[in-house]
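Report on one structure; see the data block that follows.
Laboratory data are not the source of any read-out in this text; all were calculated from the coordinates shown. Computed from a prediction, not measured in an experiment: that's the story for all the values here. In this analysis, Cβ positions are derived from the backbone assuming ideal geometry, glycine residues included, and neighbour counts consider all displayed protein chains.
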Amino acid sequence: MSGLGRFLQFMPNEYVNSIYDIDLERLWRMGKRLILTDLDNTLVPWNHPWVPKSLEDWLKRARDRGFEVCIISNNRSQRVHDFSRVSGLFAIGAARKPRSRGFRQALERFQMDADAAVMIGDQLFTDIHGANRLGLYSILVLPMHTKEWWGTKILRIFEAVALAMLRVRGLKRPHRQQQGGGGFGR
Ligand SMILES: [Mg+2]
């Protein structure tokens, strides 16, 4: 692959404003049964310690429909473990996405094939690239907040370039809306 083509490894299957804009019914009809998701700036702002009501409702809706939900995060094991405890979600920390290990571990834990899983995340080079490498259906969301780890801030510069290239290939950026009632301050 050369030129623009090499950016296609980062192309998400969907690009939406937030998890609240994901059509869970449609995913179910597509045969998806396992929702793998990033944590920071996807489910909650970076290092946010508790589960807001909006997320609680969303998780209930997903689980009532029959989905399994699992967090895969590159953040510290302790942070991810703490969030796993308050949310009741199985969670894999220090996953080093885009590496395959965390994704594989999750598929194994829930006894699912790659084509039954979706991966949701706010970062192209970790969440989406990692998912695409394993053939998982990938959903990119806008980051919930501008506050993030310094390493992520640097990656965002390169990510902006990649996103511009993907827009040339037809990726549509969602309009940023008011987040779904999370009530997070700045
Ligand atoms: Mg994230």
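Sort Tyr15, Tyr20 so the one with the fewest other Cβ atoms within 10 Å of its own Cβ comes first.
Final ranking by Cβ density, sparse to dense: Tyr20, Tyr15.
Only Lys, Arg, Asp and Glu count, each charged at its Cβ (+1, +1, -1, -1), so figure out the dipole size of the range 3-168 about its Cα centre, rounded to 20 debye. All intermediate terms of the calculation are to be shown ahead of the outcome.
Details: 24 positive and 18 negative charges, 77 e Å.
Using Cβ point charges on Lys, Arg, Asp and Glu, the range 3-168 gives about 380 debye.
Greater than 22 Å separation of Cα atoms is the criterion. Which listed pairs, Lys32/Lys147; Lys97/Lys147; Lys60/Lys153, meet it?
Lys32/Lys147; Lys60/Lys153
Using label points projected 7 Å from each Cα along Cα→Cβ, tell me how many nm separate Asp57 and Ala114, to one decimal.
Each label point is offset 7 Å from its Cα along the Cβ direction, giving 3.6 nm.
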